[in-house]
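Structure first, then comments.
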Amino acid sequence: MTSAAAPKPYSPAQRLETLLGSKGSLAAHLPGFVHRPEQVALAHAVETALAQGRPCLAEAGTGVGKTLAYLVPLVRWLEKHGGRAVISTHTLALQAQLINRDIPTLLEALPELEIQAAALKGRSNFLCLQDLDVTAGELWTQGDPQFAQIRRWANETDTGDVAELDFTFPDWQEIAANPDTCRQRECRYFERCFYFKARKAAEECQLLVVNHALFFADLRLRRANPGGPTLIPPYDAVVFDEAHHIEDMATRAFGLEFGSRRVTQLTARARRVPGAVDPARLASLEALNQVVFDPFLSAPQPEAFLHELIRADADRAAFDSRVAELSAGLGALAKDLTVAADNASDTTIRDRAAGLAPTRFPPRHRNSGSNEGGGRGSPC
Ligand code: SF4
């Protein structure tokens with residue numbers, strides 16, 4: 001028999017009003033919790049939509065407590081149905097708030113729920129141990145106190161997440177995980193890899209917090225290659241917080257991006273693989289890249305659709321032919337790098353050359369922020 005003083009066990013049938021009410025479990029556990037009828041109404045709408053498998057579009061003003069209004073029905077639904085739910089935010093700040101504060105607090109208040117939560121960010125947020133090792137041998141990092149600090153941090157951090165650094169390292173992209181140099185399972189750091197550890201945690205959790213950039217990059221990948229590798233593990237429900245940004249993010253993810261820095265980044269990296277590529281080839285690729293991007297760089301509004309910038313058919317044909325030439329030059333560069341990787345006796349040179357060889361150009365899908373769109377096209 002349960003004593004009168006014992007806490008009431010949670011039941012899936014328990015009404016939302018009781019949970020979110022002034023005397024409910026949340027009021028007892030969350031300091032400063034205030035019962036808000038609008039919050040209960042929103043939670044009802046989310047719960048009904050989840051139960052009926054249909055979308056719910058809601059706008060909640062300041063002070064409604066929208067996070068709890070969707071989290072409570074979501075965790076109840078997960079408890080009942082199993083599977084995985086994704087929460088997608090626009091900002092990394094809200095992502096951090098959800099995973100570090102809101103979700104743990106809610107799950108503490110409802111200890112009968114056995115739900116694992118995790119956050120997954122885009123690859124470029126994570127330190128790449130292989131590239132850190134490679135760059136540690138390069139001249140530009142010698143004597144750099146920030147780089148030395150990052151090397152110490154690499155041995156201490158559990159996450160390798162750049163957000164842990166209390167300074168901005170201007171060359172972070174040189175040591176961040178990226179699809180161009182990632183050797184995945186062939187990498188000798190694979191078992192310790194921060195990015196792949198985060199992916200594993202995402203695969204094992206029931207409640208996954210991502211940002212819109214990663215969510216739409218994943219959606220694009222699923223559309224382009226059904227049944228192929230994905231950035232986010234399978235899920236059964238999704239909540240978009242800060243949803244007013246998703247139109248823009250979806251446009252970016254499903255558009256095509258021609259980035260002027262993509263080729264120069266690659267040639268800079270190739271130049272740092274000693275003896276792998278004829279410097280004249282790299283210089284000619286950079287010159288060709290400049291010619292390809294001239295119409296964009298000289299346009300009054302470079303962020304525009306291709307057909308808006310190049311209107312005449314003849315100009316478009318000339319542009320296509322330069323792109324094809326650049327593409328062929330990059331194909332030749334890939335061959336040089338493959339040969340260099342095959343012939344290298346030094347492991348670092350072999351890894352770097354083999355990692356760079358499959359970089360592709362163009363076109364590349366736009367995917368600002370998550371850095372998942374280019375390279376091998378096989379991100380896991
Ligand atoms: S698996 Fe890829 S991202 Fe991870 S350390 Fe190796 S190269 Fe870097």
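We did not get these values from a lab; they are worked out from the coordinates using the rules stated. Computed from a predicted model, the values in this text were never measured in an experiment. Note that we place each Cβ from the backbone using ideal geometry, even for glycine, and neighbour counts take in every protein chain shown.
A straight line joining the Cα centroids of segment 47-66 and segment 226-295 runs 35 Å.
In what order do Asp218, Asp336, Asp294 fall by count of nearby beta-carbon atoms within 10 Å, going from fewest to most? Each step should come with its number before you reach the end.
Numbers: Asp218 25, Asp336 19, Asp294 13.
In increasing order of surrounding Cβ atoms, one gets Asp294, Asp336, Asp218.
Figure legend: label point modelled 7 angstrom from the Cα of Ala318 along Cα→Cβ; residues of segment 256-289 with amide N under 16 Å from it are 288-289. Among Thr251, His212, Ala202, pick out the residue whose Cα is farthest towards the positive end of the charge dipole of segment 118-260, where Lys and Arg carry +1 and Asp and Glu carry -1 on C-beta, about the Cα centre. In segment 118-260, that residue is Ala202. Residue-wise HN-Hα couplings along segment 323-329, as the Karplus relation 6.51 cos²θ - 1.76 cosθ + 1.60 with θ = phi - 60° gives them from phi, are 4, 4, 5, 5, 4, 5, x Hz; Gly and Pro carry x.
What order, most packed first, do the peptides 174-184, 103-113 have when packing is the mean number of other Cβ atoms within 10 Å of each residue?
Numbers: 174-184: 21.3, 103-113: 16.4.
In descending order of packing, they fall as 174-184, 103-113.
Using θ = phi - 60° in the Karplus curve 6.51 cos²θ - 1.76 cosθ + 1.60, the 3J(HN,Hα) couplings for segment 24-32 round to x, 4, 6, 4, 6, 9, 9, x, x Hz; x is entered for Gly and Pro.
Ellipsoid semi-axes for the chain, based on the Cα gyration tensor and the rule √(5λ), read 46, 25, 17 Å when sorted largest first. Taking the charge dipole of the chain about its Cα centre, with +1 at Lys and Arg Cβ atoms and -1 at Asp and Glu Cβ atoms, the residue from Ala118, Val64, Ala93 reaching farthest to the positive side is Ala118. Applying the Karplus relation 6.51 cos²θ - 1.76 cosθ + 1.60 with θ = phi - 60° to segment 75-88 yields 3J(HN,Hα) values of 5, 5, 5, 5, 4, 6, 9, x, x, 9, 10, 10, 10, 10 Hz, where x marks Gly and Pro.
Taking label points 7 Å from Cα along the Cα-to-Cβ direction, Arg271 and Ala58 give a separation of 5.4 nm.
When each of Ser298, Ser88 is scored by the number of other beta-carbon atoms lying within 10 Å, the sequence from fewest to most is Ser298, Ser88.
So if R0 is 25 Å, what FRET efficiency would Trp172 and Arg192 give, r being the distance between their Cβ atoms, rounded to the nearest 0.05?
After rounding to 0.05, the efficiency reads 0.85.
Across the options Ser327, Thr264, Leu306, the greatest Cα extent toward the positive end of the charge dipole of segment 259-362 (unit charges at beta carbon of Lys, Arg, Asp, Glu) belongs to Thr264.
For Leu129, Leu297, Leu74, what's the fewest-to-most ordering of other Cβ within 10 Å of each Cβ? Mind showing how you got there, number by number?
Values: Leu129 20, Leu297 10, Leu74 25.
The most exposed by this proxy come first: Leu297, Leu129, Leu74.
Rounded to the nearest 20 debye, the dipole size of the chain about its Cα centre is 620 debye, using +1 on the Cβ of Lys and Arg and -1 on the Cβ of Asp and Glu. Centre-to-centre separation between the Cα atoms of segment 163-188 and those of segment 319-340: 25 Å. Springs between Cα atoms under 10 Å define the GNM used for the chain, and in it the highest mean-square fluctuation of Ala224, Ala328, Ala136 occurs at Ala224. Note on Lys66: lysines with a C-alpha under 23 Å away, same-chain residues under 8 apart excluded, are Lys23, Lys80, Lys121. Placing +1 on each Lys and Arg Cβ and -1 on each Asp and Glu Cβ, with no other charges, gives segment 259-362 a dipole about its Cα centre of roughly 320 debye. Is the shape of segment 259-362 best called rounded, prolate or oblate, per the rule: a/c under 1.5 gives rounded, else a/b larger than b/c gives prolate, else oblate, with a ≥ b ≥ c the square roots of the Cα gyration tensor eigenvalues? Since a/c reaches 1.5 and a/b is larger than b/c, the shape of segment 259-362 is classed as prolate. Sequence-distant contacts, meaning Cα pairs under 8 Å at least 6 residues apart, place the relative contact order of segment 1-154 at 19 percent. Rounded to the nearest 0.05, what FRET efficiency do Gln149 and Ile115 have when you use their Cβ-Cβ distance and R0 = 30 Å? For Gln149 and Ile115, the calculated efficiency is 0.25. Per-residue extension of 0.36 nm, minus the Cα-Cα distance of Ala51 and Glu286, leaves a gain of 79.0 nm for this segment.
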